[in-house]
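The values are calculated or read from the model by the stated rules, or taken from the named source; none is laboratory data. Fair warning: this is a prediction, and the values are worked out from it, not measured in the lab. Cβ coordinates were reconstructed from backbone atoms using ideal geometry, including for glycine residues, and neighbour counts include every protein chain displayed. Quick note on the areas: whole protein, heavy atoms, side chains included, nothing else; ligands and nucleic acids left out. Shrake-Rupley method; radii C 1.70, N 1.55, O 1.52, S 1.80 Å.
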Amino acid sequence: MAAFLSTSLAMVSCSLFSYDRPGDEVKSDETGRLSLCFNREEVIQTKAINETVDTNSFILTVTDQSGKIIYDGAFGDSPETFNLPAGSYTVSAVSCKFNTPAFASPQYGDEQCVVVPPGQEIGVRLRCVLKNCGIRLHVDSDFLTNYPKSFFYVVSDAGRLLYSYTQKNVAYFKPGKISVQLSDSQSSQTLLTRTLASGDILSLKINVSSAAGSRESGVRIAVDTSKNWISESYTIGGSNGASSGGSSGGGSEQVLSIAQVKEADEGETVWVSGYIVGGDLTQSNASFSPPFSSSTNLVLGPRSSSSTRSSCLAVSLPKGDIRDALNLVDNPDLLGKAVELCGEVSHSYFGMEGLKNVSDFRIK
């Protein structure tokens, strides 16, 4: 499978909450229901950066057509249902606030306008992709020998960052022109300037020209499902130019959302990501609060506060190490924890969509 998801964004049912206009009793035929979900596959953990995204920490904002804020807070704190007066609303979600250049600060998000009809429910799918861009430098060891008193700045209109030789994180900027400057105590020169769009990450290897002649610079483009990784070489004292290009996919196995698992084929082996939210399954019920009495199953939810069977996945825990490690009877502290499970899709387990024959797991 193509790419490895961490707690990234899947078909997570976003909760709704009640809203009444002050001093006005809202009749049922004047209200509608708004449901939100995230596309989990858009935000992934990559081999190159090892970053994770927690859906519960996303900043969710809902405003009406006059600009009045209906909800502004963490996605994980939002209630499960919310009834709204019929009308137009703006829904936005971002993984973090981002205004000035900063290291290790990817911002994922989306914003959509929606009309809530009276007496009906409307669903909105937020496609949260990388909104800012970034650059990472890989400085050749020869640089320190040839330029012992020099250093690098990465510069944009919004500010600049000093990029140390040992820095491993990506420097994030708002989309636009990004320059790399070589500086010392007396002067500064711009090595290159690139225009980066949302989702672009420029991985720049900086070499130093050798006596035998400069090394040939090369350009290749690697694209995954969440970022446009651009790899490039720059040789100080050499001839720099684009010589060739190409693209390839990256990542390891794909991890599905709970909603995606529900649409998968019966018996298909998949990885699924979610939160342990309950257990003690029966044909018509599930428990979402401790204490728990059954160690043979658990309930996997799209968010840590999920409390409805219809939005969750029933998981059968096979006897052995996996059951010992994951059951809520012996491990009550796992309630609300994010996990990834590998198992076989079952469209009928305790009357729910489910996962059987779990063969592997990762606790996040």
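Within region 153-171, the set of residues being in contact (Cβ under 8 Å) with a residue 40 or more places away in the chain, in a strand (DSSP E or B), surrounded by 14 or more Cβ atoms within 10 Å (Cβ to Cβ) and of a type outside the set (Ser, Thr, Tyr) comprises 154, 160, 161, 171.
Quick check: anything in region 270-290 among the small types (Gly, Ala, Ser), more than 20 Å from the chain's Cα centre (by Cα) and open to solvent by 50 Å² or more (accessible area, probe 1.4 Å)? Taking every residue of region 270-290 in turn, at least one turns out to be among the small types (Gly, Ala, Ser), more than 20 Å from the chain's Cα centre (by Cα) and open to solvent by 50 Å² or more (accessible area, probe 1.4 Å).
Note on region 295-309: residues that are open to solvent by 10 Å² or more (accessible area, probe 1.4 Å) and assigned to a loop (DSSP other than H, G, I, E, B) total 6.
Taking (1) outside any strand (DSSP E or B); (2) within 27 Å of the chain's Cα centre (by Cα); (3) closer than 17 Å to residue 295 by Cβ in turn, residue 318 satisfies each apart from (2). For region 333-355, filtering for residues that are over 16 Å from residue 277 (Cβ atoms) and either surrounded by fewer than 17 Cβ atoms within 10 Å (Cβ to Cβ) or in contact with a Cys (Cβ under 9 Å, 6 or more places away or on another chain) (or both) leaves 3. Only residues that are in a strand (DSSP E or B), under 26 Å from residue 364 (Cβ atoms) and open to solvent by 50 Å² or more (accessible area, probe 1.4 Å) were counted in region 53-107, giving 1. Among the numbered conditions (1) at pLDDT 95 or above; (2) within 25 Å of the chain's Cα centre (by Cα); (3) open to solvent by 50 Å² or more (accessible area, probe 1.4 Å); (4) among the hydrophobic types (A, V, I, L, M, F, W, C), the only one that residue 329 does not meet is (2).
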